[in-house]
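Peer 1: Please see the structure below; I have some questions.
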Amino acid sequence: MKRLYLTDIQTEHLFSAIRWVFLLVCGGLFYYEPIRNQLDLTFETFDYLFITALSYMLITQFALFFASKRERLQQFILRLGIVMDFVVIFWLIALSGGINSWFVPVVYLFLMHATIYWRTKGLTLALVSSLIGYTTIGFYQATEITSNLLWTYGFNVSFFVIIGLFAGILALRERKYYKEKVTFQDQSVKDYVTGLYNHRSFQNTLTKITESQKDFALIMADIDNFKQINDTYGHTVGDQVLSAFGNTIQHQLDRRESYSFRYGGEEFAIILFDRQKRSIEQQINDWNKLFQHGINLVPELKGENITISYGVAFSDEQDDKDALLKRADDYLYLAKSNGKNQVMFQESFEHIGESR
């Protein structure tokens, strides 16, 4: 059986759809007088509530549509959504009978919503605020404290706690399971030593990008004299060298504009959607400086000068992935055979790199 997982932003889209349905239902209940009178709903401030909720929903829908690559905006929307849910729900409870309100069960959705995003902290905060809000509104509006009212209050409060705890257990369990699933998936597509995507991922990604006919640069990088490093200092130190370059690439690259992989051994592949030669040169110089800084943090290698050679090929609409990869490998071979510690570009065989 296939399990269904939603990201936080996908879950927010789901809650947003539920809000729209709920808003329409509430509008019908309050604006249709026969039903309003039968349910004993108070109409006094509902216009303000409806306009507030509708305005928030429109703003949220617009923001969700344009927030796919803006993590901070996404997080703000998620937090604001939980706060607005609280305001709207307890406003409705105040307009529909307080303790005996028909809308009390909707508080359960609020508790689940808060738990999904804020985990235990969210559950605690949502539960405490719900109890305070329900108690304050309920007893403020009550004209007479009867045993039936107290029984209803106690029953609803008990269910707040039970549903809240149950939602918390389920949400935490699912998040743990999902985290384990993501970790397992990462292990299957990522290289353990460097943290970069592995050779299989590179082949799949290069195929897709080449077939899409996007313009990009393929950079093949090779750590110079790596066998000598392994022979002299051992494989543990060699792994630290590989890790240093992996960390460099992950730190320096914009994930929206690039992909990075461990191609195999001491060789790496980087896909850049920036094809400007000067920009690539500057990026490679930055990588070299940061890589050397990382090398100096390894006690056995302090003072050692470890260099990298690069071959750069540019995609062409006539390319298949094998032709492009061979071209990049050819320029890497030229860089290695012409003295190492340099970059060879497809267009002019120009190279950069300082003797360090």
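The values are calculated or read from the model by the stated rules, or taken from the named source; none is laboratory data. Quick caveat, the model's predicted, so the values are computed rather than measured. All Cβ positions, even for glycine, are placed from backbone atoms using ideal geometry, and neighbour counts span all protein chains on display. With ligands, DNA and RNA removed, areas are computed over all heavy atoms of the protein, side chains included. Shrake-Rupley method; radii C 1.70, N 1.55, O 1.52, S 1.80 Å.
Peer 1: Give the residues of the range 316-329 that are touching a helix residue (DSSP H, G or I) at 6+ places or on another chain (Cβ under 8 Å) and either modelled with pLDDT under 90 or open to solvent by 70 Å² or more (accessible area, probe 1.4 Å) (or both), sorted by residue number.
Peer 2: Looking only at the range 316-329, we keep the residues that are touching a helix residue (DSSP H, G or I) at 6+ places or on another chain (Cβ under 8 Å), and these are 316, 319-321, 324-325.
Answer for the range 316-329, where residues must be touching a helix residue (DSSP H, G or I) at 6+ places or on another chain (Cβ under 8 Å) and either modelled with pLDDT under 90 or open to solvent by 70 Å² or more (accessible area, probe 1.4 Å) (or both): Asp316, Asp319, Asp320, Lys321.
Peer 1: Pick from the range 97-118 the residues that are in a loop (DSSP other than H, G, I, E, B) and not aliphatic (A, V, I, L, M): which of them is nearest to Leu170 (Cα to Cα)?
Peer 2: So the first thing to find is which residues in the range 97-118 are in a loop (DSSP other than H, G, I, E, B), and the list is 97, 101-105.
Filter again for not aliphatic (A, V, I, L, M), leaving 97, 101-103, 105.
Values: Gly97: 31, Ser101: 27, Trp102: 26, Phe103: 23, Pro105: 19 Å.
Within the range 97-118, the match that is nearest to Leu170 (Cα to Cα) is Pro105.
Peer 1: Here is a follow-up. Hey, any hits in the range 224-237 for a residue that's within 27 Å of the chain's Cα centre (by Cα) and polar (S, T, N, Q)? Quick ask: steps written out before the conclusion?
Peer 2: The first filter runs over the range 224-237 and keeps only residues within 27 Å of the chain's Cα centre (by Cα), leaving none.
Checked against the condition, which is being within 27 Å of the chain's Cα centre (by Cα) and polar (S, T, N, Q), the range 224-237 yields no hits at all.
Peer 1: Moving on. Which numbered condition trips up Phe43, out of (1) in a helix (DSSP H, G or I); (2) modelled with pLDDT of 70 or more; (3) not polar (S, T, N, Q)?
Peer 2: Of everything listed in (1) in a helix (DSSP H, G or I); (2) modelled with pLDDT of 70 or more; (3) not polar (S, T, N, Q), Phe43 misses just condition (1).
Peer 1: Scanning the range 25-40 for residues that are in a helix (DSSP H, G or I) and among the charged types (D, E, K, R), which turns out surrounded by the most Cβ atoms within 10 Å (Cβ to Cβ)?
Peer 2: If we filter the range 25-40 for residues that are in a helix (DSSP H, G or I), which is where we start, we get 25-31, 33-38.
Now restrict to residues that are among the charged types (D, E, K, R): 33, 36.
Details: Glu33: 10, Arg36: 17.
Here the answer is Arg36.
Yes or no, residue by residue, for (1) free of Cβ contacts under 8 Å to residues at least 60 places away in the same chain; (2) more than 30 Å from the chain's Cα centre (by Cα); (3) in a loop (DSSP other than H, G, I, E, B); (4) surrounded by fewer than 20 Cβ atoms within 10 Å (Cβ to Cβ):
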{"position": "Arg256", "(1), (2), (3), (4)": "no, no, yes, yes"}
{"position": "Ser260", "(1), (2), (3), (4)": "no, no, no, no"}
{"position": "Ile271", "(1), (2), (3), (4)": "no, no, no, no"}
{"position": "Ser279", "(1), (2), (3), (4)": "yes, no, no, yes"}
{"position": "Asn288", "(1), (2), (3), (4)": "no, no, no, no"}
{"position": "Gly303", "(1), (2), (3), (4)": "yes, yes, yes, yes"}
{"position": "Gly311", "(1), (2), (3), (4)": "no, yes, no, no"}
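Peer 1: Would you point out which residue out of Gly81, Gly133, Gly122, Gly154 is part of a helix (DSSP H, G or I), out of contact with any helix residue (DSSP H, G or I) (no Cβ under 9 Å at 6 or more places or on another chain) and either at pLDDT below 75 or open to solvent by less than 40 Å² (accessible area, probe 1.4 Å) (or both)?
Peer 2: Details: Gly81 fails: out of contact with any helix residue (DSSP H, G or I) (no Cβ under 9 Å at 6 or more places or on another chain); Gly133 fails: out of contact with any helix residue (DSSP H, G or I) (no Cβ under 9 Å at 6 or more places or on another chain); Gly122 fails: out of contact with any helix residue (DSSP H, G or I) (no Cβ under 9 Å at 6 or more places or on another chain).
Within the list Gly81, Gly133, Gly122, Gly154, the selection yields Gly154.
Peer 1: Right, here's the next one. Within the range 214-229, count every residue that is open to solvent by less than 30 Å² (accessible area, probe 1.4 Å) and assigned to a helix (DSSP H, G or I). Spell out the reasoning first.
Peer 2: Quick first cut of the range 214-229, residues open to solvent by less than 30 Å² (accessible area, probe 1.4 Å) only: 216-224, 226, 229.
If we keep only those that are assigned to a helix (DSSP H, G or I) too, we end up with 226, 229.
The qualifying residues number 2.
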